[in-house]
1. From the list Ser106, Ser134, which one is in contact with a Lys or Arg (Cβ under 6 Å, 6 or more places away or on another chain) and polar (S, T, N, Q)?
2. Pairs, please: C-beta under 6 Å, at least 6 apart or cross-chain, first residue closer than 16 Å to Leu44 by Cα and in the stretch 150-170, second open to solvent by less than 50 Å² (accessible area, probe 1.4 Å) and among the acidic types (Asp, Glu)?
3. Output the residues belonging to the stretch 27-66 that are hydrophobic (A, V, I, L, M, F, W, C), open to solvent by 30 Å² or more (accessible area, probe 1.4 Å) and touching a Lys or Arg at 6+ places or on another chain (Cβ under 8 Å).
4. Give the stretch 81-98 a look and list any residue that's modelled with pLDDT of 95 or more and either open to solvent by less than 80 Å² (accessible area, probe 1.4 Å) or touching a His at 6+ places or on another chain (Cβ under 8 Å) (or both), or say none.
5. Using the structure shown, decide if Asn91 is touching a residue at least 24 places away in the same chain (Cβ under 8 Å) and over 12 Å from the mean Cα position of the chain (by Cα).
6. Just to be sure I understand the filter: pairs with C-beta atoms under 7 Å, separated by 6 or more residues or on different chains, first member in the stretch 100-119 and under 21 Å from Lys81 (Cα atoms) and open to solvent by 50 Å² or more (accessible area, probe 1.4 Å), second member among the aromatic types (Phe, Trp, Tyr) and outside any strand (DSSP E or B). Which pairs pass?
7. Report those helices (runs of 4 or more DSSP H) wholly inside the stretch 55-170 carrying at least 1 residues which are under 30 Å from Glu24 (Cα atoms).
8. Is it the case, given these coordinates, that Lys16 is of a type outside the set (Ser, Thr, Tyr), out of contact with any Ser or Thr (no Cβ under 8 Å at 6 or more places or on another chain) and open to solvent by less than 80 Å² (accessible area, probe 1.4 Å)?
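The values are calculated or read from the model by the stated rules, or taken from the named source; none is laboratory data. Just so you know, these numbers come straight off a predicted model, no measurement behind them. Don't worry about glycine lacking a Cβ; one is built from the backbone with ideal geometry, like all the others, and counts go over all protein chains shown. With ligands, DNA and RNA removed, areas are computed over all heavy atoms of the protein, side chains included. Shrake-Rupley method; radii C 1.70, N 1.55, O 1.52, S 1.80 Å.
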Amino acid sequence: MEDKLIYDGWLKLFKKKVNEREYEIVKNHSAVSAIVLNEFDEILLIKQFRPAVMKETLEIPAGLLDIKGEDIKSCLIRELKEEAALNIKENQVEKVVSYKPILGFSSSSMHMFKVKINKMDFISENINDEDVLSGLWVKISKLGDMIKEEKIIDDKTIMAFFYLKSCKNY
């Protein structure tokens, strides 16, 4: 059976029939995210308002692969410029993992990278993104507590913490 379009907006919702059972499938963009680290064992987090949870969140920088033909590294470099006012070169970008964050109803992927910069390369006042409220450096050793206290609730940021924890003892 061909997928039946139910809703056509920023996200697209389809009905899909598989073995006589109907499923609702979301078609949305894949995305990129960055674990931006500095020389002081700190990670860059972006504060932004998320209407789905009606609160401000702290997350690693990320963005959608929504420009046709753009590769994931170029998208990451563009998003870091937009969300964090960072001018990153491709040789600073190291792939960490690609995964499917909402596999139960979407095939979109999250492509996570690691980027190391000097702390002075980030100036929060230079951010020019309507969705981003601010950026801040957080000690990596504090992330675990922030997750336990639900100050960080974002899946990609929690994934970044566990990746960093596997590399060092934080």
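1. None of the other options fit; the residue is Ser134.
2. Between residues of the stretch 150-170 that are closer than 16 Å to Leu44 by Cα and residues that are open to solvent by less than 50 Å² (accessible area, probe 1.4 Å) and among the acidic types (Asp, Glu), the close pairs are Asp154/Glu59; Thr157/Glu59.
3. Hits for the stretch 27-66 are Phe40, Phe49.
4. Passing the criteria: Val93, Lys95, Val96, Val97, Ser98.
5. No: the conditions fail for Asn91.
6. Hits for this filter: Lys119/Phe40.
7. 72-84, 155-167
8. Judged against the criteria, Lys16 is a match.
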